[in-house]
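Okay, structure first, notes after.
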Amino acid sequence: MEAPDVIKWTSSGQAFGIQDMATFRTVILPKHFKHDKFSSFQRQLNLYGFRKIVRGRESGGYMHKDFQRGRLDLLKHVKRGYMPPCPPEYEKKIYGSGARGEDSEADSDPELIPPPRG
């Protein structure tokens with residue numbers, strides 16, 4: 001990624017997180033989109049099948065089964081309007097699915113990505 005102090009992969013390489021929301025909105029978004037609104041960016045992520053992770057170590061990140069660190073070959077599968085099935089390792093972590101308290105012990109280790117604001 002172009003600015004690891006602003007946006008970076010999670011430790012697993014299966015999701016990305018935004019480190020500096022202010023810089024992301026004022027520098028990164030206008031560079032790649034015709035706007036600087038994070039809500040519009042989130043809407044685009046949703047249209048392309050990305051999911052926000054709200055539980056576990058990668059909480060606050062966004063994932064898509066075909067958007068992975070070092071796997072350029074998978075990008076051809078990231079298409080607008082297609083919601084891929086959720087990978088099993090994320091089933092209980094995305095959108096808070098699963099009963100409370102079902103997180104595994106491995107999920108208790110903190111990830112270095114704070115949840116996005118705004």
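The values are calculated or read from the model by the stated rules, or taken from the named source; none is laboratory data. As the structure is a prediction and not an experimental result, all values here were calculated from the model. In this analysis, Cβ positions are derived from the backbone assuming ideal geometry, glycine residues included, and neighbour counts consider all displayed protein chains. Keep in mind that these areas ignore ligands, DNA and RNA; they rest on the heavy atoms of the full protein, side chains included. Shrake-Rupley method; radii C 1.70, N 1.55, O 1.52, S 1.80 Å.
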By residue number, the members of segment 34-60 that are open to solvent by less than 40 Å² (accessible area, probe 1.4 Å) and among the hydrophobic types (A, V, I, L, M, F, W, C) are 38, 41, 45, 50, 53
State the number of residues belonging to segment 1-11 that are open to solvent by 50 Å² or more (accessible area, probe 1.4 Å) and either free of Cβ contacts under 8 Å to residues at least 60 places away in the same chain or in a loop (DSSP other than H, G, I, E, B) (or both).
-> 5
Filter segment 7-63 down to the residues that are within 15 Å of the chain's Cα centre (by Cα) and of a type in the set (Asp, Glu), then identify the one that is nearest to residue 87 (Cα to Cα).
-> 58
For segment 16-33, indicate whether the set of residues that are outside any helix (DSSP H, G or I) and loosely packed, with under 15 Cβ neighbours inside 10 Å is non-empty.
-> yes
Does segment 67-86 include one or more residues that are surrounded by 16 or more Cβ atoms within 10 Å (Cβ to Cβ), assigned to a loop (DSSP other than H, G, I, E, B) and modelled with pLDDT of 85 or more?
-> yes
Which pairs have Cβ atoms under 9 Å, sit 6 or more apart or on different chains, and link a residue in segment 37-54 that is within 15 Å of residue 15 (Cβ to Cβ) to one that is of a type in the set (Asp, Glu)?
-> 49/66
